[in-house]
Amino acid sequence: MLYTVGITPQLVIVILSAIESTKNVAKALEWVFIVLLPNYNVGQGLANIYNNHNYIDLCFNQLPEAADLVAGKDSLNTICNAAQFFGRELPCCKGRCLKEMWI
């Protein structure tokens with residue numbers, strides 16, 4: 001029972017967020033779930049940790065390796081410049097905060 005109380009709201013938010021016309025409903029429901037369901041908060045926290053780990057792995061290991069670059073500041077700047085040139089957005093390059101991080 002507790003498992004379904006924790007996972008069902010997560011699925012509802014993910015599905016509603018994927019549909020453009022229901023994104024506002026997803027945001028509103030997310031606040032309701034945050035206030036009323038502590039299980040939702042635990043599930044959301046675990047999902048955030050998982051996503052952050054994957055982004056770090058992608059930005060610092062997989063992308064530089066795929067581009068035959070040495071991982072570090074220069075490789076990330078090269079990858080972000082290429083992504084910007086092709087009109088893509090990568091989690092590594094959002095807001096180009098990595099420039100400030102490496103100064």
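Key figures
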| item | result |
| --- | --- |
| Subset of the stretch 14-27 [modelled with pLDDT of 90 or more and either among the basic types (Lys, Arg) or surrounded by 12 or more Cβ atoms within 10 Å (Cβ to Cβ) (or both)] | LEU16, THR22, LYS23, VAL25, ALA26, LYS27 |
| Restricting the stretch 62-98 to residues that are acidic (Asp, Glu) and surrounded by 12 or more Cβ atoms within 10 Å (Cβ to Cβ), the residue that is modelled with the lowest pLDDT | ASP74 |
| Members of the stretch 31-58 that are surrounded by 11 or more Cβ atoms within 10 Å (Cβ to Cβ) and closer than 30 Å to LEU69 by Cβ | ALA47, ASN51, ASN52, ASN54, TYR55, ILE56, ASP57, LEU58 |
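The values are calculated or read from the model by the stated rules, or taken from the named source; none is laboratory data. Since we're looking at a predicted model, the values are computed, not measured. Glycine also receives a Cβ, built like all others from the backbone with ideal geometry; neighbour counts cover every protein chain displayed.
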